[in-house]
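Structure first, then comments.
Laboratory data are not the source of any read-out in this text; all were calculated from the coordinates shown. These figures come from a predicted structure and were not determined experimentally. Cβ: placed from backbone, ideal geometry, glycine included. Neighbour counts: every protein chain shown.
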Amino acid sequence: MYTSHVLPRSRSRGRAAGGGAGLRGMAGGAARLLLSALLAALPAAPAEPQLRFRPPAEAPVRLFTEPELARYDGQQEGQPIYLAVKGVVFDVTSGKEFYGKGAPYNALVGKDSTRGVAKMSLDPADLTHDTDSQKRN
């Protein structure tokens, strides 16, 4: 947004011969005229900032128990495929070729696979929410 400032008028202390305004008064008026013309030529600021990316619409929060999440493991056709990391559930159905039945990363879905994702591991011992560095026996 542009802000304009009103400048106070300068008063001429003396008058030029002939009773007209002095040189300072003429120069001040010309400067104001020039400033007005320059400000008028500037593009107007947009009323609302243009967003490059639109934020996602608010989706309702849904809580899952471990057995509920296990139902969305990509084994049933037409069912969504969910993957959880650090307790946040992601819908990975659009990547069915990666997470669906028989796909390379199917072991990660239907559960919280935080450690497996962090380590980039498909080892069954790593497919857990537990991120402790020591594996429990």
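A protection proxy built from the mean count of other Cβ atoms within 10 Å ranks the segments 94-105, 33-44, most packed first, as 94-105, 33-44. Could you tally the net charge around Gly110, taking each other residue with its Cβ under 13 Å from the Cβ of Gly110, Lys/Arg +1 and Asp/Glu -1? Result for the neighbourhood of Gly110: -2.
Note that segment 104-121 has calculated 3J(HN,Hα) couplings of x, 10, 4, 5, 7, 8, x, 7, 8, 10, 3, 5, x, 5, 5, 8, 6, 10 Hz, one per residue in order, obtained from phi through the Karplus relation 6.51 cos²θ - 1.76 cosθ + 1.60 (θ = phi - 60°); glycine and proline are x. Derived scalar couplings between HN and Hα for segment 35-42 equal 4, 4, 5, 5, 5, 5, 7, 5 Hz in order, rounded to whole Hz, by the Karplus curve 6.51 cos²θ - 1.76 cosθ + 1.60 (θ = phi - 60°), x for Gly and Pro.
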